[in-house]
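The values are calculated or read from the model by the stated rules, or taken from the named source; none is laboratory data. Not measured: the values here are computed from a predicted model. Positions of Cβ are generated from backbone atoms using ideal geometry, with glycine treated the same way; all protein chains shown enter the neighbour counts.
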Amino acid sequence: MRTQHHKSLVVLLALAAGCWTNFSPCARADGIKVGDTMPDLAAAQLEGKLPDALKGKVVLLDFWASWCDPCKQSFPAMEELQKQYGPRGFVVIAVNVDENRSDMEDFLKTHTAGFTVVHDAAQKLVAEAGIATMPSSFLVDQSGRVRFAHAGFHGEETKKEYRQEIESLLGK
């Protein structure tokens with residue numbers, strides 16, 4: 001069985017390899033930053049169904065992997081946020097970066113996801129986003145602009161930050 005460190009190294013090497021081989025998303029090599037426009041999710045060729053319309057919604061775009069312990073902690077928090085704020089125009093989109101879809105599917109058997117989960121099999125979106133920490137997430141406002149970024153998940157501290165930021169974007 002591979003260790004978490006080994007899997008992290010594999011993901012980072014895969015991202016680096018993509019950038020060194022004329023991989024177009026690397027034009028944004030520094031990754032997604034606050035103030036940027038959210039990447040075009042449809043163009044990323046993600047496996048899974050994306051919500052029909054994101055315009056006018058507040059979006060939590062979360063990058064995660066099945067081997068990531070903090071990701072296991074973040075799923076219940078995202079589930080709570082989706083239930084609490086979904087009726088007000090909030091959407092969670094969790095982008096899995098596992099090499100094998102079966103690893104994602106095994107994870108989802110034991111971790112509830114009442115929100116959108118897609119698989120970035122080609123690692124196209126994760127490369128464009130410049131993800132270095134699992135999980136990493138971005139809160140996007142109704143106009144599609146990234147307003148907040150989070151590296152890692154730190155339990156109650158991160159949940160509190162998410163709530164404050166979501167409420168500021170939804171206009172209490």
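Some notes on this structure:
- Residue check for residue 106: within 17 Å of residue 160 (Cα to Cα), of a type outside the set (Gly, Ala, Ser) and modelled with pLDDT of 95 or more: no
- Among residues of the stretch 41-57 that are over 14 Å from residue 97 (Cβ atoms), those with a beta-carbon under 9 Å from a residue that is of a type in the set (A, V, I, L, M) and surrounded by fewer than 13 Cβ atoms within 10 Å (Cβ to Cβ) at least six positions away or on a different chain give the pairs 50/42.
- Yes/no for residue 116 being out of contact with any helix residue (DSSP H, G or I) (no Cβ under 6 Å at 6 or more places or on another chain), under 15 Å from residue 59 (Cα atoms) and polar (S, T, N, Q): yes
- Test for residue 61: is it outside any helix (DSSP H, G or I) and touching a strand residue (DSSP E or B) at 6+ places or on another chain (Cβ under 7 Å): yes
- Wholly enclosed strands (runs of 3 or more DSSP E) of the stretch 80-172 bearing at least 1 residues buried (at least 17 other Cβ atoms within 10 Å of the Cβ) and free of Cβ contacts under 8 Å to residues at least 12 places away in the same chain: none
- Candidate set: the stretch 108-156, residues that are aliphatic (A, V, I, L, M) and within 10 Å of the chain's Cα centre (by Cα); chosen: the one nearest to residue 69 (Cα to Cα): 134
- Selection from the stretch 30-49 of residues that are surrounded by 11 or more Cβ atoms within 10 Å (Cβ to Cβ) and among the aliphatic types (A, V, I, L, M): 32, 34, 38, 41, 43, 44, 46
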